[in-house]
Amino acid sequence: MSVVADPQLVMALRRAFAHYRDVEPRSIPVDHPDVPELAMPDRLAYAIGWILGAAIVGSRFRTSAIDVLPVYHPEHGWDRFLVTRRVTCRLYATEPADSLGTLWLGEEDAPVFTVGQSVRLALGSLLRDDAAEAIRRLLFAVPAPRLRHGEHGQCPHVRAERYPTIYRVTAELIADYPGLIAARELYVDDQPIDGAYHPLYTASGARLTGWTYDYVQYLAGDRIVFLGIDGRLATFEVEPGVWRTEEAPSEDETVLRRYLEDRLGLGEPGRPIVEVVSREPEESRDTPGDEERGQ
């Protein structure tokens, strides 16, 4: 099988090395141990993880329903990505969340890709020396199982055709803007917090509650944008406490990037974002797959 590294992602990796060269790790503040937004053991590895995730999603999402989800650990922050189809295909809803692999961000020579005890691929040094070869080796190592026969019409890997493009745009934005955080595992509370409902609860007409994997959440300083993985709708704050939902221009990759840059107030690439340090922590909840992830 011939595996070709996406030149666009190779260029994004080079930009990430340049933009994150002097960016220090962030630990969970001792005085605010429950504030999770920014903590991560290796911020460059976080950006690289998104780029490698884009390579996997671009290669595996439509054919094998494989997604790559960034995971927040309560003690370490953003320390891994799960390679999974548990949230993308209804036929695999009970599959262990890490059965197809994990990208570890806090280990030596990170990122390190593992599949159980059988595969361990350290990519940090190789990414610096030959980014294209690192991507090729990763894609060879990631499983590509065939999907079971069954009804897939309502599965995300079928209905979210634009998701690989959205994932790649997200990865490139994170490579270019240190401090931009993106999440894929979101909890939508059905009760108001501080007098206001979750914006996705309101935007969905109270139909969306609990854990959802149907959105990408972008956090840049004090700005938040939610973009559906199908690329149809975006929800963002117009002014404090006032949210708007509108159609997102996701058909064109360049237009979508500019749209997100504008909605998030991103400036010149390579310039750190003014970061949030005092947001109210959310109540701790168990999430799907926590047992498998060891959280």
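The values are calculated or read from the model by the stated rules, or taken from the named source; none is laboratory data. Predicted model, so just to flag it, every value in this text is computed and none were measured. So basically every Cβ, Gly included, is an ideal-geometry build from the backbone, and we count neighbours across all protein chains shown.
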| query | For the subset of the range 178-191 comprising residues that are modelled with pLDDT of 90 or more and in contact with a Ser or Thr (Cβ under 8 Å, 6 or more places away or on another chain), which member is surrounded by the most Cβ atoms within 10 Å (Cβ to Cβ)? | reply | 188
| request: Quickly run through the range 1-50 and pick out the residues that are at pLDDT 95 or above and of a type in the set (Val, Ile, Thr). | output: 10, 48
| Can you name every residue in the range 192-222 that is surrounded by 16 or more Cβ atoms within 10 Å (Cβ to Cβ) and within 17 Å of the chain's Cα centre (by Cα)? | 212, 213, 214, 215, 216, 217, 218, 219, 220
| Of the residues that make up the range 88-108, is at least one crowded, with 19+ Cβ neighbours inside 10 Å, within 16 Å of residue 167 (Cα to Cα) and without any contact (Cβ under 8 Å) to a residue 40 or more places away in the chain? | no
| query | Among the residues of the range 103-118, which ones are in contact with a strand residue (DSSP E or B) (Cβ under 7 Å, 6 or more places away or on another chain) and β-branched (Val, Ile, Thr)? | reply | 112, 114
| query | Are any residues in the range 140-163 of a type in the set (A, V, I, L, M) and farther than 15 Å from residue 231 by Cα, and if so, which ones? | reply | 141, 142, 144, 147
| Quick one: would you say residue 187 is out of contact with any Gly (no Cβ under 6 Å at 6 or more places or on another chain), among the aromatic types (Phe, Trp, Tyr) and closer than 26 Å to residue 73 by Cβ? | yes
| request: Collect the residues in the range 195-251 that are of a type in the set (Ser, Thr, Tyr) and assigned to a loop (DSSP other than H, G, I, E, B), keeping them in residue-number order. | output: 197, 204, 209, 213, 250
| task | Kindly indicate which of 115, 119 is over 14 Å from residue 52 (Cα atoms), surrounded by fewer than 22 Cβ atoms within 10 Å (Cβ to Cβ), within 20 Å of the chain's Cα centre (by Cα) and among the β-branched types (Val, Ile, Thr). | result | 115
| note | Counting only residues in the range 259-280 that are surrounded by 13 or more Cβ atoms within 10 Å (Cβ to Cβ) and among the charged types (D, E, K, R), the one modelled with the lowest pLDDT is identified as 279
| the range 140-177, subset among the aliphatic types (A, V, I, L, M) and over 23 Å from residue 78 (Cα atoms), residue surrounded by the most Cβ atoms within 10 Å (Cβ to Cβ) | 160
| request: Six or more apart or on different chains, Cβ under 6 Å: which pairs go from a residue in the range 2-18 that's surrounded by fewer than 16 Cβ atoms within 10 Å (Cβ to Cβ) to one that's charged (D, E, K, R)? Could you list them? | output: 3/136
| query | Among the residues of the range 96-111, which ones are among the hydroxyl-bearing types (Ser, Thr, Tyr) and part of a loop (DSSP other than H, G, I, E, B)? | reply | 99
| Within the range 71-115, which residues are β-branched (Val, Ile, Thr) and within 30 Å of residue 152 (Cα to Cα)? | 71, 83, 84, 87, 88, 94, 102, 114, 115
| field | Condition met for residue 283 (more than 12 Å from residue 173 (Cβ to Cβ), at pLDDT below 85 and surrounded by 11 or more Cβ atoms within 10 Å (Cβ to Cβ)) | value | no
